[in-house]
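What follows is one structure encoded as structure tokens, with my remarks underneath.
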Amino acid sequence: MSLELHPKARERLVELLQTVLRDVHVQGNSFLHWPSLKGVATLDHVVPGHSELQRQLAEFIGDEPVSDFVIGRLSDSLSIRPYDSEQPTCALSDIPEFRDLSTAAHALVVEFERLPVEYTAFARVPWELSRELVRTLVDLSLPLSNTLRLIRLGDTHPEFARAPASTPYSFFDDGPKGVDSDALYLSEDLYGYIPTFGESAPLLRFAFNVRAFFGLTFALRLAKPGSISFFGPAKEHILIYRRNHGDVEYHRPHEHPPDVSDCIRAVGLGDAYKTLPEDARPLLMKAEVDLVATAFSEPRNAGVLRAAQWLFDSYSSRSQLLAFVQATVALEILFGDKAISDVVGLGELLGNRVAYLIGTTRQQREEVLKDFRRIYETRSRIVHRGHNLLSAQERSDLYTLRWMCSRAILRELELAKADAD
């Protein structure tokens, strides 16, 4: 499968790209001069709007697919050149491999039309949780969807062994040099284009799935955020491998944002599992992982995944005020309904839906509704009046709010699993 540009669109793209490349400059012998890239945005106008091609490219790269691809490939080509801070800024066409701009433009368009590229991404699962999850794996792999899986490579995939310590990008790279065959990873097959430096739609989708996965484990009490862990690297990364005609090429690791990295590093096994005899843990773990797989494998559960991602973000946030809002958003994703909320009010709608979903008795529903009304008032103060500090009661309410999110996600998954069965 590859892109098929209309012949006239291809001709126009090559012509326009030549014009754009004439204005591009290079600094330090190996970096694009960003002010000279203003004209690159015009390349995206070649793709017809609201077309199937535009939809494909948005999935493969993003909302500005042609310009992002061109910038990414130019950056990759330049990055292997030695950096020289004394080198004056020069035109791209002064670089030997770009001296013939017509040839360079044609080559970029040909490469663009060969999209999508196939990648495999890995994100490490912290040791304490992975030790228990490994017991549920069959043949070292457990699928969560058609493309997403939990996997421990062992000796079965030598192509993903640690990459050479010396890479063209080692000046910028202090991350891992490849996957650890003994560690457990969340892994996904991705299709499109991922630049060596920067982000694109496939990478962002995987990063979302990583946060949603850990958010689900928090909601199911399978994992516990905030546990102290001394295992693993100082930072957490997404490792990307590119498949090229059967070969596997290692990309530079993409570092998680610091708050996300810190939260993942501190993930431990849920308290409930620690109290169980070790021989009783795998059966319960398998049931919980089945619920996680239900969330990822059914497209109609996309709202549950988004809610889980926002729950994770609430735990990873370094601001309690932001964490409070993020946890409320998780519930709004699950239970918000604009048409009804315009009549009864969003806070009242959410409170009633949460109470009736997670409450098991009339008294418990009344207590949940009472607590949520107080919680939603705090949320409104933060959002509408700039509330700048949580009181002791409001900090306690944050824990209650996250508990409500977890219970709601669990109940939604149980209902989805019952429907699927």
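The values are calculated or read from the model by the stated rules, or taken from the named source; none is laboratory data. Given the structure is predicted, the values throughout are model-derived calculations rather than measurements. Note that each Cβ is placed from the backbone with ideal geometry, even for glycine, and that neighbours are counted across all protein chains shown.
Hey, among the residues in region 156-181 that are assigned to a loop (DSSP other than H, G, I, E, B), at pLDDT 65 or above and of a type in the set (D, E, K, R), which one's surrounded by the fewest Cβ atoms within 10 Å (Cβ to Cβ)?
The extreme case among them is Lys177.
In region 184-212, what count of residues is obtained for those that are more than 14 Å from Arg252 (Cα to Cα) and surrounded by fewer than 19 Cβ atoms within 10 Å (Cβ to Cβ)?
Result for region 184-212: 5.
Report yes if Ser406 is among the polar types (S, T, N, Q) and within 26 Å of the chain's Cα centre (by Cα), otherwise no. Break it down stepwise before answering.
Numbers: among the polar types (S, T, N, Q): yes; within 26 Å of the chain's Cα centre (by Cα): yes.
So Ser406 fits the description; yes.
Scan region 363-377 and report the pairs whose first residue is in the same structural domain as Leu331 (by TED's automatic domain parsing) and under 21 Å from Leu322 (Cβ atoms) and whose second residue is surrounded by 13 or more Cβ atoms within 10 Å (Cβ to Cβ) and of a type in the set (S, T, N, Q), with Cβ atoms within less than 6 Å and a gap of 6+ or a chain change.
Between residues of region 363-377 that are in the same structural domain as Leu331 (by TED's automatic domain parsing) and under 21 Å from Leu322 (Cβ atoms) and residues that are surrounded by 13 or more Cβ atoms within 10 Å (Cβ to Cβ) and of a type in the set (S, T, N, Q), the close pairs are Asp371/Thr400.
Does region 247-287 hold any residues that are among the basic types (Lys, Arg) and not in a loop (DSSP other than H, G, I, E, B), and which are they? First the steps, then the outcome.
Of the residues in region 247-287, the ones among the basic types (Lys, Arg) are 252, 265, 274, 281, 286.
Within region 247-287, Arg265, Lys274, Arg281, Lys286 meet the criteria.
Does Pro202 satisfy the condition of being at pLDDT below 95 and in the same structural domain as Leu276 (by TED's automatic domain parsing)? Talk me through it step by step, then tell me what you get.
Numbers: at pLDDT below 95: no; in the same structural domain as Leu276 (by TED's automatic domain parsing): yes.
No, not satisfied.
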